[in-house]
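Only one structure is covered here, and it is reproduced in the block below.
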Amino acid sequence: MNDDARPILFFDSGVGGLSVVAPTLELLPAASIVYAADSAAFPYGTKSEAEIAARVPALLGRLAERYRPRLIVIACNTASTIALPAVRAALDVAVVGTVPAIKPAAEASRTRVVGVLGTAATVRQPYVDDLAARFAGDCTVLRYGSATLVELAEAKLAGEAVDADAVARELAGLFDQPDGERIDVIVNACTHFPLLVDELRAAAPAGVTFVDGGPGIARRVASLTQGQAWPGESRGHRLVFTRLGARETRIGDQLRARGFALPETL
Ligand code: DGL
């Protein structure tokens, strides 16, 4: 038998990381997934750097011990831009992070005005200044941090309707800035936001496009696991919450159709 049951562990504060799981499974349909959401500390985007830095490496250590993953994907821009080096230093398993896709956005922009839509914690990170300077030096990079879009994505995945006006109000946070009307590419710099891409497209002016890191991360995961075996027979994906409340149970119900087992708690 040449099976290898070790999963890939995806980690986020909530359901956002599913926008990274989907393109990964397109490239690696036989992969087994453990999806872990830190629902007890959700949302991350309104927390301080110190809170996130103190929480994420320890939590990932416990998850790695329990699930013995072959690879960890921090499918969260907030956690990655703040805690990725500390996580890598603390664990002896390969860790892939998620950082704002400013490079592909700058490559695609014709107006040279790019929007970065993330959490408040992500858009204020020096890491984002650095990406903008390295890859979008000749662009105006406008940023907006939205906690509302994170909540709307969670509600959508729990089966609730999305308020289109609320989505439009959040996008106005970018377009109403000086030069904002010239934005032609928006970076979805929070993994929750690609889950709302239809609603975002509908609310944005015609011709505006959205990019996110999901497909690039999927290619990176495929390359890091190239040649590795996967379980011969899929046992389904696992779903873990740090707190299992009513919303998490509803999310778990929705995810059963996507091949996830009943939720577990850490
Ligand atoms: N999905 C996360 C990100 O990519 C954060 C959402 C939140 O908890 O605020 O930044």
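For segment 197-266, the Cβ-based charge dipole about the Cα centre amounts to some 120 debye (Lys, Arg positive; Asp, Glu negative; other atoms uncharged). Taking the accessible area of the chain, probe 1.4 Å, and keeping the other protein chains in place, the carbon and sulfur fraction comes to 50%. The residues ILE74, ILE82, sorted by heavy-atom accessible surface at 1.4 Å with ligands and nucleic acids left out, run ILE82, ILE74 from largest to smallest. Once the Cα atoms of helix 164-175 and of the chain are each reduced to a long axis, what angle between those two axes, in degrees from 0 to 90 to the nearest 10, is obtained? Between the helix axis and the principal axis of the chain, the angle is about 60 degrees. Across every pair of non-identical alpha carbons in segment 136-227, the mean reciprocal distance, once inverted, gives a Kirkwood radius of 14.5 Å. The angle between the Cα long axis of helix 49-67 and the main principal axis of the chain comes to about 30°, on a 0 to 90 degree scale. Mean-square fluctuations from a GNM of the chain, with a 10 angstrom spring cutoff on Cα atoms, peak among LEU224, LEU84, LEU117 at LEU224. Projecting the Cα atoms of ALA41, LEU60, PRO205 onto the dipole axis of the chain, where Lys and Arg carry +1 and Asp and Glu carry -1 at the beta carbon, places LEU60 farthest toward the positive end. Projecting the Cα atoms of PRO178, LEU84, PRO126 onto the charge dipole of the chain, computed from C-beta unit charges around the Cα centre, puts LEU84 farthest toward the positive end. Ranked by solvent-accessible area (1.4 Å probe, protein heavy atoms only, all chains present), the residues PHE11, PHE42 order from largest to smallest as PHE42, PHE11.
Note on exposure: THR242, THR209 ranked by accessible area (1.4 Å probe, complete protein assembly) read THR209, THR242, with the most exposed listed first. Positive-end ranking of THR98, ALA229, ILE251 along the dipole of the chain, with charges on Cβ about the Cα centre, is headed by ALA229. Axis of helix 77-90 versus longest Cα principal axis of the chain: the two differ by about 40°, to the nearest ten degrees. Summed over the residues of segment 42-86 and divided among them, the accessible surface reaches 37 Å² per residue at a probe radius of 1.4 Å. The simple spin-label model puts a point 7 Å past each Cα toward its Cβ; for LEU262 and ASP176 those points are separated by 4.7 nm.
The values are calculated or read from the model by the stated rules, or taken from the named source; none is laboratory data. All values reported here derive from a predicted model rather than from experimental measurement. When we count neighbours, we look across all protein chains shown, and the Cβ atoms used for this are built from the backbone with ideal geometry, even at glycine. To get the accessible areas, we keep the full protein, side chains included, count just its heavy atoms, and leave off ligands, DNA and RNA. Shrake-Rupley method; radii C 1.70, N 1.55, O 1.52, S 1.80 Å.
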